[in-house]
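In what follows, a single structure is set out as structure tokens and then discussed.
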Amino acid sequence: MQYENKGRFIVKFTDIPSPRQHHIEIEVDERRNNYSEVELGFDEERAAREAKRCLSCRRCLGCALCWAECKPEAIQFDLQDEIIEIEADSVIISPGGERALNRIDSRFGLAKDVNVVTDLQLERMLSESGPSGGLVIRPFDGQIPSSVAFVQAYDGAASAMNRSALTFAVNEVTLLRQKLPKAEIAVFGGFEDFSEGKSALDSAGATLIAAPVQSVTPNGGSPVKVAFADAQAKEFDLVVLITQPVMSNDARDLAKALGLDISYANFLSGEGDGLIQTNKEEVRLARQE
């Protein structure tokens, strides 16, 4: 290939987990005096090993298909790396937000029952471009759920962080009601300082249960049991875990490199212009809604 010689694009990695699998070939003696296929493909074992390492080589093959398919012609193989220094009076960092799945306690049943999903997974279901084409279904059997519970899956959080998580959940409840007009929707969470959230849930016909959830018990595809205060419990076809927003790892690394003093939650607050002041006057954050 003509681009294979562009050495800067052929990056070799030392952490490739396993070598590429090769097709099974019949022995040389078996090939004589016949027209039998020489390459027999993969057997089940080799196919499984190859699938596990798929794309792990991360090596450009120099085929130039990316260049051929890029309509804006943004790919330039001869472009050389360079460092550009720009002087600016101020810098605004957009920190981005992530949902901290590692902060979800095991008692909430995530990954133990396919009918227990996160709010981000439900967001994909609600999207017309999502895997189910906007159809909300139980992952276990593809059935439409008749009851859905939203469970606050983190213990304590700063006020701004809690408000952001609950706002996300309220928006999903509103969209879910449009998809499932007759479903029972219950929301478990602390809405003490979020009166507009309560009002939105009422408008969506959702039941707010202020008691904290003690556990979410997997049931092998059957309705999931949600246990809450005073030993009460209810069963739901689908359980949605409300996750806690955190600043992205890239933003935290950048903030550290710049010597910024940023708490884990202040990227969610800010003044009227949507910008958050840092300990460096010329550097500010864009508030995450």
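Out of all the residues in the range 81-98, is one or more modelled with pLDDT under 80 and loosely packed, with under 10 Cβ neighbours inside 10 Å?
Let us first name the residues in the range 81-98 that are modelled with pLDDT under 80, namely 93-98.
Okay, now just the ones that are also loosely packed, with under 10 Cβ neighbours inside 10 Å, so none.
Taking every residue of the range 81-98 in turn, none turns out to be modelled with pLDDT under 80 and loosely packed, with under 10 Cβ neighbours inside 10 Å.
State yes or no: is LEU166 of a type in the set (A, V, I, L, M, F, W, C) and at pLDDT 90 or above? Judged against the criteria, LEU166 is not a match.
No other residue among SER222, SER215, SER203 is in contact with a Gly (Cβ under 8 Å, 6 or more places away or on another chain), surrounded by fewer than 18 Cβ atoms within 10 Å (Cβ to Cβ) and of a type in the set (Gly, Ala, Ser) apart from SER215. Beta carbons closer than 7 Å, at least 6 apart along the sequence or on distinct chains, never pair a first residue in the range 182-201 that is touching a residue at least 60 places away in the same chain (Cβ under 8 Å) with a second that is of a type outside the set (Phe, Trp, Tyr) and surrounded by 19 or more Cβ atoms within 10 Å (Cβ to Cβ). Annotation: of all residues in the range 111-146 being modelled with pLDDT of 85 or more, aliphatic (A, V, I, L, M) and part of a loop (DSSP other than H, G, I, E, B), the one that is surrounded by the most Cβ atoms within 10 Å (Cβ to Cβ) is VAL136. Residues of the range 69-94 that are part of a loop (DSSP other than H, G, I, E, B) and within 12 Å of VAL283 (Cα to Cα): ALA88, ASP89, SER90, SER94.
ALA183 meets each of the listed conditions (1) aliphatic (A, V, I, L, M); (2) in contact with a strand residue (DSSP E or B) (Cβ under 7 Å, 6 or more places away or on another chain); (3) within 27 Å of SER106 (Cβ to Cβ) apart from (3).
For the range 136-169, taking the residues that are over 19 Å from the mean Cα position of the chain (by Cα) and among the hydrophobic types (A, V, I, L, M, F, W, C), the one that is nearest to ILE104 (Cα to Cα) is identified as ALA157.
Of all the criteria given as (1) loosely packed, with under 11 Cβ neighbours inside 10 Å; (2) closer than 30 Å to LEU79 by Cα; (3) at pLDDT 65 or above, the one not satisfied by ASN34 is (2). Considering (1) of a type in the set (A, V, I, L, M, F, W, C); (2) outside the structural domain of ALA183 (by TED's automatic domain parsing); (3) assigned to a strand (DSSP E or B), the lone condition that ALA251 does not fulfil carries the number (3). In the range 242-252, is there at least one residue being within 25 Å of the chain's Cα centre (by Cα), over 24 Å from LYS112 (Cα atoms) and among the acidic types (Asp, Glu)? Yes: the range 242-252 contains one or more residues that are within 25 Å of the chain's Cα centre (by Cα), over 24 Å from LYS112 (Cα atoms) and among the acidic types (Asp, Glu).
With respect to the conditions (1) out of contact with any Pro (no Cβ under 6 Å at 6 or more places or on another chain); (2) not assigned by TED's automatic domain parsing to the domain that holds GLU281, GLU235 lacks only one, and its number is (1).
The residue of the range 169-194 that is modelled with the lowest pLDDT, among those that are of a type outside the set (Asp, Glu) and in a strand (DSSP E or B), is PHE188.
The values are calculated or read from the model by the stated rules, or taken from the named source; none is laboratory data. All values reported here derive from a predicted model rather than from experimental measurement. Note: ideal-geometry Cβ built from the backbone for every residue, glycine included; neighbour counts use all protein chains shown.
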